[in-house]
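In what follows, a structure is listed as structure tokens, so that the remarks can point back to it.
The values are calculated or read from the model by the stated rules, or taken from the named source; none is laboratory data. Remember, it's a predicted structure, so these values are computed and weren't measured experimentally. Here the Cβ is made from the backbone with ideal geometry for all residues, glycine too, and neighbour counts use every protein chain on show.
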Number of protein chains: 2
Amino acid sequence: MTSPQLGGLDEIVAEHDRAVRDHAALVARGLSLDLTRGKPSPRQLDLSDGLLTRLGAGDLRAADGTDCRNYGGLQGLPEIREIFSAALQVPAAQLVAGGNSSLAMMHDTVVHAMLGRLPGAERRWADEPRVAFLCPVPGYDRHFALCERFGIELIPVPMTPEGPDMDVVERLVREDAQIKGMWCVPKYSNPDGVCYGDETVRRLAAMPTAAPDFRIFWDNAYAVHHLTDTPVEIADILALCAEHGDPDRVFVFGSTSKITWAGAGVAFFGSSPANVAWLLANTGKQTIGPDKVNQLRHVRFLKDADGLAAHMRGHRDLIRPKFDAVGRILDKELGGTGFASWSNPAGGYFISLEVPDGCAREVVRRAAEAGIALTPAGATHPYGNDPRDRTIRIAPTYPELDELELAIEGLAVCVRMVATARLIEAASAG
Amino acid sequence: MTSPQLGGLDEIVAEHDRAVRDHAALVARGLSLDLTRGKPSPRQLDLSDGLLTRLGAGDLRAADGTDCRNYGGLQGLPEIREIFSAALQVPAAQLVAGGNSSLAMMHDTVVHAMLGRLPGAERRWADEPRVAFLCPVPGYDRHFALCERFGIELIPVPMTPEGPDMDVVERLVREDAQIKGMWCVPKYSNPDGVCYGDETVRRLAAMPTAAPDFRIFWDNAYAVHHLTDTPVEIADILALCAEHGDPDRVFVFGSTSKITWAGAGVAFFGSSPANVAWLLANTGKQTIGPDKVNQLRHVRFLKDADGLAAHMRGHRDLIRPKFDAVGRILDKELGGTGFASWSNPAGGYFISLEVPDGCAREVVRRAAEAGIALTPAGATHPYGNDPRDRTIRIAPTYPELDELELAIEGLAVCVRMVATARLIEAASAG
């Protein structure tokens, strides 16, 4: 680590002393701020309060006449699948609309692959000597936790500005037949905001894999969550997989959790006809159908793809100022110090802050002392192990703007304090 | 099979000819009637249309201040658990309120036991050489299908008017350590309406089991679904298991599927504190929480246990005439013929019709010819195999009364036709 702006040790010590005093003052304020999770704010949730009223008595039938109140309809309402088809890049006939949680659909898909044979698989994953998943890092802790719980080995793959390092990915999946899956958040990735380049997507679809039952878990959680006027479009992986002769390679996931109400939305699974048939055969033993009333409620509220886009502009108007504030404060407090770099995402829910190697845990600890709760350092890596201990995930959406500003100012103090301490240590060791 | 009312072969042949003519006339009518599934009728669903309106904007917080729209709250809202605590005989603190499907909670509980160690288990069920479940027969086809899908062996146990034959159950679980589970629908059982006697429940709680991780899957689906003014109360199995030193023995399930809207209700899991902690630890990897808005909607609509009971009286008023009609018609058409016997349940959703051995499939086939769809014969037994081929499940709730009457009259014709044919065959073989 170099710090070009601070000349000699004296200056670093002075800077450190200043940061220590700032931190003490911060602790004395007794803040209680939470940047841990990517939750919509109450004002964002308010945007969807129309869900409560758009569905009236006498309006409980789907377009095909189905009484949404009763059992049945395993694949979910056609009209809700139609609305999300373009955003998720999956034909409506190949989408499944489920309950309120795409994480549950991912979990259950892994379960079904563990306990029932996937199309193309030689055996159930539970009968494999070993099952491994590739995990681009930094990534999403709930993906990792889900796999860990089933004893699935997690293999980190470095991210690039264009997505996962495809040279590494291609080599690993070609050589190791026990690599059965890979996590991807292809658009406005959690946490670094990266959008996969077209060539990355093409290589993911085209690469030879040793496993005949390799699957990409394509968690397109932020498909319509743009922060700018120029929405990012990613390549259509489902079509590309079919084009390259492996139509069953990808499972697409999405949900309305960060579109309507986080806890009361609709989740989606999309894939090839064979994979959809496989999932529904398994789901048919699990449930008599999803909550179609809530799906119809979403249809009435969002109306169509244009309605969805308009609704998302409402979210952007609320959260864009928060992302801007984080960037502005980090730039003011840490810009040019060499103590940190951070992402400037064009969409999604997170900002990734990189601090000097070996500093992330300590920064998070110092922030906690000051009443600023951050996602645990390491959470963005499998097994909570960030080998360079440098990545911190910032979730700016939930707090009110003034609270967020306080929290980021405090976080910057902690970064200055910890980074200067490391420099001083290094100098005295040297 | 004896037919005391029909004297000689001539009379039987004449009765058969009459039945054949009646059946031909029935086929000619071109009916299309469906008695296959235990679905509430549209008028029953109408009883809950208040779900649409009871929750207003500004009323989206739970009693503890939780914003129900956002993520979180894995165990479900305390107030919905409170309402169902007495009915399910589980303390609210030991209830989990989930999504819209208790079948999904049963499925997922089996999955978690397959892929993660249950309290008291030596290993995951997936690592056992063999896993078997006891299945009182006749029973519920979806319970069986769920197990079959995971390769769990199903061992039938005969039912008595007091519940499963406990001499058989006690012997099997004492001798076979691979028997890990048992299905029970303890109140107004599917399909025969049996309510477990207190002594049956006590013996289930007290019996020694070879498996340290034996679990009773107590699907109390019809806990409040009374058809009479004297609600049946069953013994409190959770308390009895604790009393007999095996507090973790039972998983209780229930749902509002046949209380409010079949496809858009709330499901429950209840058990010992250790089992609840185990379930939530697993569920926490699967989802960020259930749909709390829908739970709050149910709280506002049902209000409390009294509101629940009053609401169920509305169902009774709609479906009791249907159960009565089935009994009346079967009695009129088949009473005293010796061709059939049937249950007269005091609650629940089904009537079980027993026809002479070897006749059930043929009766269902003949009914289908006449446009009357029945649950496939054998569905009430594991692997669809009713060894005596005699049990037919009648689901009277969904059709309108006049349709139901037509369907049961037609069914009686089919029973007469098939039963007389068997008698004639037997006579000519004799």
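Worth pointing out:
- All told, B:Gly263 meets the bar of being buried (at least 24 other Cβ atoms within 10 Å of the Cβ) and touching a residue at least 60 places away in the same chain (Cβ under 8 Å).
- In segment B:266-278, residue farthest from B:Met114 (Cα to Cα) [restricted to those that are surrounded by 23 or more Cβ atoms within 10 Å (Cβ to Cβ) and within 14 Å of another protein chain (Cβ to nearest Cβ)]: B:Val266
- Condition check for B:Phe251: of a type in the set (Phe, Trp, Tyr), over 30 Å from A:Leu103 (Cβ atoms) and in contact with a helix residue (DSSP H, G or I) (Cβ under 7 Å, 6 or more places away or on another chain): no
- Residue check, B:Gly284 closer than 30 Å to A:Thr66 by Cβ, touching a residue at least 60 places away in the same chain (Cβ under 8 Å) and either under 15 Å from the mean Cα position of the chain (by Cα) or assigned by TED's automatic domain parsing to the domain that holds B:Ala97 (or both): no
- In the condition set (1) in contact with a strand residue (DSSP E or B) (Cβ under 6 Å, 6 or more places away or on another chain); (2) closer than 17 Å to B:Ile216 by Cβ; (3) not acidic (Asp, Glu), B:Ser101 is compliant with all but (2).
- Taking segment A:107-116 as the range and being facing chain B (nearest Cβ under 9 Å) and among the hydrophobic types (A, V, I, L, M, F, W, C) as the test, the residues that pass are A:Val111, A:Met114, A:Leu115.
- Residues that are over 21 Å from B:Asp34 (Cα atoms) and of a type outside the set (Asp, Glu), drawn from segment B:382-396: B:Pro382, B:Tyr383, B:Asn385, B:Pro387, B:Arg388
- Residue within segment A:250-261 that is over 23 Å from the mean Cα position of the chain (by Cα), within 30 Å of B:Thr53 (Cβ to Cβ) and of a type in the set (S, T, N, Q) present: no
- Looking across segment A:117-133 at every residue that is within 12 Å of chain B (Cβ to nearest Cβ) and out of contact with any strand residue (DSSP E or B) (no Cβ under 9 Å at 6 or more places or on another chain), the one that is surrounded by the fewest Cβ atoms within 10 Å (Cβ to Cβ) is identified as A:Asp127.
- The number of residues in segment B:33-77 that are out of contact with any strand residue (DSSP E or B) (no Cβ under 9 Å at 6 or more places or on another chain), over 30 Å from B:Ser272 (Cβ atoms) and hydrophobic (A, V, I, L, M, F, W, C) comes to 5.
- Scanning segment B:212-243 for residues that are within 18 Å of B:Leu279 (Cα to Cα), outside any loop (DSSP other than H, G, I, E, B), touching a residue at least 60 places away in the same chain (Cβ under 8 Å) and not aliphatic (A, V, I, L, M) yields a count of 3.
- Count of segment B:38-84 residues, restricted to those that are at pLDDT 95 or above, of a type in the set (Ser, Thr, Tyr) and surrounded by fewer than 19 Cβ atoms within 10 Å (Cβ to Cβ), is 1.
- Condition check for B:Leu334: modelled with pLDDT of 95 or more and within 14 Å of another protein chain (Cβ to nearest Cβ): no
- Sole residue being in contact with a strand residue (DSSP E or B) (Cβ under 6 Å, 6 or more places away or on another chain) and either at positive phi or more than 14 Å from chain A (Cβ to nearest Cβ) (or both), chosen from B:Glu354, B:Glu362: B:Glu354
- Those residues of segment B:244-259 which are in contact with a Phe, Trp or Tyr (Cβ under 7 Å, 6 or more places away or on another chain) and either in a strand (DSSP E or B) or not basic (Lys, Arg) (or both), in sequence order: B:Val250, B:Phe251, B:Val252, B:Phe253, B:Gly254, B:Ser255
- Within segment A:345-354, at least one residue is surrounded by fewer than 20 Cβ atoms within 10 Å (Cβ to Cβ) and outside any helix (DSSP H, G or I).
- Residues in segment A:55-100 that are more than 13 Å from chain B (Cβ to nearest Cβ) and of a type in the set (Asp, Glu): 3 in all.
- Only one of A:Val137, A:Val157, A:Val173 that is farther than 20 Å from A:Trp278 by Cα, hydrophobic (A, V, I, L, M, F, W, C), more than 14 Å from every other protein chain (Cβ to nearest Cβ) and over 17 Å from the mean Cα position of the chain (by Cα): A:Val173
- Segment B:288-300 - residue that is more than 25 Å from the chain's Cα centre (by Cα) and more than 7 Å from chain A (Cβ to nearest Cβ) and, of those, surrounded by the fewest Cβ atoms within 10 Å (Cβ to Cβ): B:Arg300
- Of all the criteria given as (1) under 25 Å from the mean Cα position of the chain (by Cα); (2) within 14 Å of another protein chain (Cβ to nearest Cβ); (3) over 28 Å from A:Lys322 (Cα atoms), the one not satisfied by A:Asp49 is (3).
- Considering (1) in contact with a Phe, Trp or Tyr (Cβ under 8 Å, 6 or more places away or on another chain); (2) surrounded by fewer than 24 Cβ atoms within 10 Å (Cβ to Cβ); (3) within 7 Å of another protein chain (Cβ to nearest Cβ), the lone condition that B:Lys285 does not fulfil carries the number (1).
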